[in-house]
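Notes follow the structure.
Only the coordinates and a few stated rules stand behind these numbers; no lab work does. What you see is a predicted model, and the numbers here were worked out from it, not measured in a lab. We place every Cβ from the backbone using ideal geometry, glycine too, and count neighbours over all the protein chains shown.
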Amino acid sequence: MEIIHADYLISSPSVEKCPDPNKAEYAFIGRSNVGKSSLINMLCNKKDLAKVSSSPGKTQMINHFIIVSSDKREWYLVDLPGYGYAKRSIKQRNSWQKMIEGYIQKRQNLVNLFVLIDSRLKPQKIDLEFINQLGEWQMPFALVFTKADKSTQREAANNVNDFLKELLKTWEEVPPHFVTSAIKKTGAKQILNFINESNTSFQAHRNKA
Ligand code: GDP
């Protein structure tokens, strides 16, 4: 499966303002600078779709993109504001928490959340804490280890393994995970296949309902 069309739709300040939940939806989140915009641009094969390095002071919004894939399905891709900006005030952090919590807990058509992790780093507390929170919210997620081109394959693989090992301290099984590089353009196919399979089961469930 490939993405044929990807267009920016709308930015919403809260889940209540999001577009009608009438299509399968996939959201992306991670620490600031993890490579989220670059990943979204790579998946959609469009250079400037998501703005690379949006500034931390900007209004935090839930950004919807409408996607048409090669199987003629339409679905939503969502760019969520990240966590871990050093420059954010406590007030901004609280409003981020409220917005993300509302979105994750109430968005009925949200099929999967992709949590991005920098493959150059040893497991970071902030990522682990966010993921453990997803468990409490019972939100299905997959991990995307970004910037794989920045270290040797072995270093990246070690960091991925360390991260998964760390997760197994609180989780019973390892989540689906992908390794990507926006520079080498690797890993997109695997993520899109995963979305394709999820779209198929989303549709099957909806047809049953
Ligand atoms: P965001 O803040 O999470 O949206 O991250 P960006 O996509 O803006 O990327 C942050 C910085 O990392 C930018 O300078 C990107 O060019 C760089 N970057 C993103 N992805 C990759 C990657 O796969 N490989 C390398 N080498 N650099 C990347």
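Listed by chain and number, the aspartates and glutamates whose C-alpha is less than 15 Å from the C-alpha of LYS150, apart from same-chain residues fewer than 8 away, are ASP118.
Ranked by the mean number of other Cβ atoms within 10 Å of their residues, highest first, the peptides 110-121, 197-208, 178-189 fall in the order 110-121, 178-189, 197-208. For the Cα trace of segment 3-199, dividing Rg by the Kirkwood Rh returns an Rg/Rh value of 0.93. Using the Kirkwood radius built from alpha carbon pairs, what does the Stokes-Einstein equation give as D for segment 96-209 at 25 °C and 0.890 mPa s, in µm² per second? In µm²/s, the coefficient rounds to 160.
Taking PHE130, PHE194, PHE145 as the candidate residues, the one with maximal mean-square fluctuation in a Gaussian network model of the chain, Cα springs under 10 Å, is PHE130. Electrostatic bookkeeping for VAL160 treats Lys and Arg as +1 and Asp and Glu as -1; over the other residues with beta carbon under 13 Å from its beta carbon, the sum is 0. With helices as the sole contributors, the chain gives -11500 deg cm²/dmol at 222 nm; each DSSP H run of n ≥ 4 counts as -39500 (n - 2.57), and the sum is divided by every residue.
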